Amino acid sequence: MKRSVLFLTTLLVLALAACTTTVPKTTQPPVSKSTQPAKASESQSNPLERTDKQGAVVVTVTPTNLNSPDDVLNFDVSMQTHSVELGMDLTALTTLKTDTGMTVKASGWKGSRGGHHVTGTLSFPASQDGKPVLKDAKKLTLTIQKVDAKARTFSWEITR
């Protein structure tokens, strides 16, 4: 009986000691709540892919035919969220601008609309007023307005 009491007492002491052991606190860097918009970042897997993580929506944009645009310039777009309805009209909210000063509005969207996971292809005319959009351009900037952020900007350097 003494052994049982001694064993149970030892277990109780060990259990209490384990409960009161201090665990060292880990320090974490402070979270920045900057009001500056996040810049689109380049993907490691595809050097043309750009991702913007502002607000509650992650938007990823990838040009698909910059080297051979034909009649349209196409961009694959993916939007992911768990809290924002993604039913907006991207053709009305998106423009494409070159460093030569040419700006064109999106001309079409082929893809899903609504819900929390939207993917598709956003198209722009490859020429405006008879002039190719990419002629003499060295930089291309796609801007999406009002998708859970004031503006999301994606840029690409054009090399020929």
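Quick one: which residues, 5+ away or cross-chain, put their amide H under 5 Å from the amide H of Glu49? H built at 1.01 Å from N.
Under 5 Å from the amide H of Glu49: Ser43.
Can you flag which of Lys110/Lys150; Lys110/Lys138; Lys105/Lys150; Lys97/Lys135; Lys97/Lys150 are past 21 Å Cα-Cα?
Correct reply: Lys110/Lys150; Lys110/Lys138.
For segment 47-157, compute Rg over Rh where Rg is the Cα radius of gyration and Rh is the Kirkwood radius from the inverse mean 1/r over Cα pairs.
0.96
Quick note: the coordinates plus some simple rules give every number you see, no bench work behind them. Predicted model only: the values in this text are computed from it and were never measured.
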